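The structure under discussion appears below in the form of structure tokens.
The values are calculated or read from the model by the stated rules, or taken from the named source; none is laboratory data. This is a predicted model, so every value here is computed, not measured. Here the Cβ positions follow ideal geometry from the backbone for every residue, glycine too, while neighbour counts run over all protein chains shown. Heavy atoms of the whole protein, side chains included, go into the accessibility calculation; ligands, DNA and RNA do not. Shrake-Rupley method; radii C 1.70, N 1.55, O 1.52, S 1.80 Å.
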Amino acid sequence: EQLREYDQQNVYRVGGEEFVVLVPESDLEGGYIVAERIRVAIEREVKVNGKAITLSSGVTNYKGVCEDKDEFLKTGDRA
């Protein structure tokens, strides 16, 4: 619900608890905004044993920063 309809088709699981959300047509700042919207929504809506959970995220830009998808994922992980 926190993503544009177009971006909803760009969510990928890359590990057990790791996901990538691609937000084309956005710059790095736009990526931060999306990540924060998702974090706030999860914190508000997801409870485990009555306690709110949250997430950590890394935001990176592929264009001009990364040469391939492996570097893209590593850069996001470091962020």
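Quick test for you: out of Gly58, Gly31, pick the one residue that is without any contact (Cβ under 8 Å) to a residue 40 or more places away in the chain, surrounded by 13 or more Cβ atoms within 10 Å (Cβ to Cβ) and in a loop (DSSP other than H, G, I, E, B).
Just a single option satisfies the conditions, and that option is Gly58.
Test Glu43 against the stated conditions and say whether it is out of contact with any Lys or Arg (no Cβ under 6 Å at 6 or more places or on another chain), surrounded by 13 or more Cβ atoms within 10 Å (Cβ to Cβ) and assigned to a helix (DSSP H, G or I).
yes
Condition test on Val20, is it of a type in the set (Val, Ile, Thr) and open to solvent by less than 60 Å² (accessible area, probe 1.4 Å)?
So Val20 passes the test.
Please go through region 1-28 and pick out each residue that is among the polar types (S, T, N, Q) and either within 16 Å of Thr60 (Cβ to Cβ) or part of a strand (DSSP E or B) (or both).
Correct list: Asn10, Ser26.
Condition (residue is in contact with a Gly (Cβ under 6 Å, 6 or more places away or on another chain), surrounded by 10 or more Cβ atoms within 10 Å (Cβ to Cβ) and β-branched (Val, Ile, Thr)) applied to region 61-69: is it met by at least one residue?
no
Regarding region 21-33, can at least one residue be identified that is touching a strand residue (DSSP E or B) at 6+ places or on another chain (Cβ under 9 Å) and of a type in the set (Phe, Trp, Tyr)?
no
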